Protein chains: 2
Amino acid sequence: MVDFAAIEAAARRLAGITRRTPLLAGTPLDELTGGRVLLKLESLQLTGSFKIRGAWNRLAQLDPAERRAGVVAFSSGNHAQGVAAAARALDIPATIVMPADAPQVKLAGTRALGANIVTYDRHSEDREAIAMQLAARRGATLVPSYDDPAIIAGQGTVGLELVEQAGELGLAPDLVLLACSGGGLASGVALATRALLPACELNCVEPAGFDDTRRSLLAGERLANAPGGQSLCDALLAPAPGRLTFPLLQRLLAGGLAVSDDEVRHAMAWAFRHLKLVIEPGGVVALAALLAGRVLARGRTVALVISGGNVDAGLFSALLQAPAGGGAVQ
Amino acid sequence: MVDFAAIEAAARRLAGITRRTPLLAGTPLDELTGGRVLLKLESLQLTGSFKIRGAWNRLAQLDPAERRAGVVAFSSGNHAQGVAAAARALDIPATIVMPADAPQVKLAGTRALGANIVTYDRHSEDREAIAMQLAARRGATLVPSYDDPAIIAGQGTVGLELVEQAGELGLAPDLVLLACSGGGLASGVALATRALLPACELNCVEPAGFDDTRRSLLAGERLANAPGGQSLCDALLAPAPGRLTFPLLQRLLAGGLAVSDDEVRHAMAWAFRHLKLVIEPGGVVALAALLAGRVLARGRTVALVISGGNVDAGLFSALLQAPAGGGAVQ
């Protein structure tokens, strides 16, 4: 299983490979919330999201025969780019199963990294089955996007860095808000953070309609999302909490929050205006929850993981032009 | 006069006040150019540009009577926000003379920081005369945007940090590209960088039609821009090199480069797509020069100062939608 030592080992493996992304402090969020807000900018990570951490940690542990046989992954785009980048650097053939309607920036980014892309119809086909067939046919290793100890440990290095960098500012987060889909990032960061700061509270944030983790934490068992739901957050559409990740989340999280598409759009426009950052819908949910007043920040040190920045120009420019976005947003 | 010791003193004054902005390495620019490209992200500085460094360094040196009498500045918007933020923190009344057609984000940002704003018509009125009258009437201190030793020294701290942070990566820039208008940033950074790395080459980058520094360096004397010119780079429209800054630039720069509005738009869209950063037109000129192949980067370590990120949503969304921007840009 994955534990703190596994995250420390992942950090050693990633040293000099992934970016120690900035932890931004002293933003207008402090005045706005009455708290001290820290933003861990994984949107500035290589490939534009945290996903390369877990992917590299997993692929670097393959033996020479496994590397030659290649890897297969399925992903809406961020895990795809993470696996593709790690595979290219480690000289491993990679095939990625991606939805045909994934953001163009994610499809193009994965292709530019040299991966072989197989697209599928998100509404009628089972990506996991397609990926497993491809892997079986080629003898390749399937690289899950969250339910894997090496993936969880790799994503957990975000938490290690966050606590370290906060410490360099003389701060320790009282509360951490984390985007959550399958739970790889949330469980890894929760493990790292609680090991270093046992009193720290952690909450996951999900898109409304895809708040399976929030509901599962309340129910005490893994619940799936209702089929047919829609969300702007293309990166956060996993059907249910992972088998490995959920027990960790149950043990380590205080609970879950959900944000609407409008709150996500508002947060993206706010980040454009006040932080000068491009954040994708799924990457901005923690900030959206804070801006929507979903947590009590006053007097506390609150860390947000900004998990990705891969958003298409068309969507981004549309939300900047909407009445609630851009110029009007406070 | 301003020298390296003045920049070191400014750095001590700014410690714990301004942000040590990230130095981004390992971006797709390395593969694209064949060099090692480092980006110093002053777009992530407090107030969204480097200008708070010089403003704080200047205002912090006012005596109590001067502080009570207040400060006056004129600026298209970044110096305005820098002065307003420093004045608010130091409890100094601030009046800023700004063009009526300055970007909304800069007008609103300056107002939100509590400054008193006086607007003028950029085409028919003399902002310097207006500011001098206001300052004389109130006994206030005029805070120039570049031609002042304390301002130059403050902006020079960007260079100190850049060289330090490159050193932490085991690198030393061979070449630094700097946005230039009045020359405060360029002369300060050149002073700091050449003191630490005497062999480093520095070039300033200006908008086409506002390349007074480039032409002045060639001519060996201060030349003004032709009146009536237009540029997307609202932050880089100073009429001529400064009296204090130009002799420094003459001594320290290798020369100047100019970029077109189209090259600026392309670089902004590229940064959106590949760096997940919001960069304003005047802040992106160094990157634009690199992307346009204006310098030889192959085999060299090239540092770019990304000097600001204050751009209106309307302009940004328009350029993302243009055929050359967003999806199509490589």
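Database remark: amide H of A:Asn310 closer than 5 angstrom to the amide H of A:Glu280 (H placed geometrically; neighbours at sequence offset of 5 or more, or on other chains; Pro and chain starts carry no H).
Per-residue ellipticity at 222 nm from helix content only, as computed over the protein assembly as shown with -39500 (n - 2.57) for each DSSP H run of at least four residues, stands at -12500 deg cm²/dmol. With the highest mean first, a sort of the peptides A:38-47, B:258-267, B:200-209 on other beta-carbon atoms found within 10 angstrom per residue produces A:38-47, B:200-209, B:258-267.
Placing a label point 7 Å from Cα along the Cα-to-Cβ direction at B:Gly139 gives distances to the equivalent points in the other copies of 8.9 nm, listed shortest first.
All C-alpha pair distances within the range B:1-48, sorted into 5 Å bins from zero, spread as 5, 18, 15, 17, 17, 12, 10, 5, 0 percent across the bins.
With all pairs of separate Cα atoms included, the range B:52-142 yields a Kirkwood hydrodynamic radius of 12.7 Å. Roughly how many nanometres apart are two label points built 7 Å out from the Cα toward the Cβ at A:Glu221 and A:Glu128? Inter-label distance under the simple model: 1.8 nm.
Measuring nothing but how far apart in sequence close Cα pairs (under 8 Å, 6+ apart) lie, relative to its length, chain B scores a relative contact order of 21 percent. Modelled this way, with points 7 Å down the Cα-to-C-beta line, the labels at A:Glu164 and A:Glu8 are 1.3 nm from one another. What residues have an amide H closer than 5 Å to that of A:Leu277, excluding those fewer than 5 places away on the same chain, when H is modeled at 1.01 Å from N in the peptide plane? It is A:Phe272, B:Val278, by chain and number. Peptide A:274-285 has a mean shielding of 4, counted as Cβ atoms of other protein chains within 10 Å of each residue's Cβ.
Across the range B:96-106, rounded Karplus estimates of 3J(HN,Hα) from the backbone phi angles (6.51 cos²θ - 1.76 cosθ + 1.60, θ = phi - 60°) give 10, 8, 10, x, 4, 9, 5, x, 4, 5, 7 Hz, Gly and Pro being marked x. Karplus-based coupling profile of the range A:62-76, in residue order and whole Hz: 6, 7, x, 5, 5, 4, 5, 6, x, 10, 10, 9, 10, 5, 6, with θ = phi - 60° in 6.51 cos²θ - 1.76 cosθ + 1.60 and x standing for Gly or Pro.
Other protein chain C-beta atoms within 10 Å of residue C-beta, averaged over B:7-20: 1.
For chain A, A:Cys200, A:Cys233 stand unpaired, since no other cysteine beta carbon lies under 4.7 Å from theirs.
Amide H contacts under 5 Å for B:Ala179: B:Val205, B:Ala286, B:Val305, restricted to partners 5 or more places along the chain or on a different chain, H placed in the peptide plane at 1.01 Å from N. Taking every C-alpha pair closer than 8 Å and separated by at least 6 residues, the mean separation divided by the residue count of the range A:1-70 gives a relative contact order of 27 percent. Within chain A, the proportion of C-alpha pairs whose separation exceeds 30 Å stands at 28%.
Comparing A:Gly188, A:Gly299, A:Gly282 in a Gaussian network model of chain A (Cα springs below 10 Å), the most mobile by mean-square fluctuation is A:Gly299. Counting only other chain Cβ atoms within 10 Å of each residue's Cβ, the peptide B:310-317 averages 6.
Heavy-atom surface analysis with a 1.4 Å probe gives the range B:52-142 a carbon and sulfur content of 48 percent of its accessible area. Peptides A:249-255, B:288-294 ordered by packing proxy, namely the average of other Cβ atoms within 10 Å per residue, highest first: B:288-294, A:249-255. Listed by chain and number, the lysines placed with their C-alpha closer than 20 angstrom to that of A:Lys276 are A:Lys40, B:Lys40, B:Lys51, B:Lys106, B:Lys276; residues fewer than eight positions away on the same chain are left out. Sorting A:24-31, A:215-222 by their mean Cβ neighbour count within 10 Å, with the most densely packed peptide first, gives A:24-31, A:215-222. Pairs of alpha carbons in the range B:158-267 separated by more than 25 Å make up 22% of all such pairs. With the convex hull drawn around the C-alpha atoms of the protein assembly as shown, the volume per residue stands at 141 Å³. Shortest first, A:Leu169 label-point distances to identical copies amount to 2.2 nm, with the label point at 7 Å from Cα along Cα→Cβ. Computed on the range A:85-226, with alpha-carbon pairs under 8 angstrom and 6+ residues apart, the relative contact order is 16 percent. Shown for A:Ala224: label points 7 Å from Cα along the beta-carbon vector, and their distances to the equivalent points in the other copies, 7.4 nm in ascending order. In order along the range A:198-208, phi translates into HN-Hα couplings of x, 8, 5, 8, 10, 10, 8, 10, 10, x, 4 Hz, rounded to whole numbers, per the Karplus curve 6.51 cos²θ - 1.76 cosθ + 1.60 with θ = phi - 60° and x for Gly and Pro.
Please give the residues of the range B:221-261, grouped as numeric ranges, whose backbone N is less than 16 Å from a label point set 7 Å along the Cα-to-Cβ vector of B:Ala318. In the range B:221-261, the label zone of B:Ala318 (backbone N under 16 Å from the point 7 Å along Cα→Cβ) covers B:230-235, B:261.
The values are calculated or read from the model by the stated rules, or taken from the named source; none is laboratory data. Computed from a predicted model, the values in this text were never measured in an experiment. Glycine also receives a Cβ, built like all others from the backbone with ideal geometry; neighbour counts cover every protein chain displayed. Accessible surface is based on the protein model in full, side chains and every heavy atom, while ligands, DNA and RNA are left aside. Shrake-Rupley method; radii C 1.70, N 1.55, O 1.52, S 1.80 Å.
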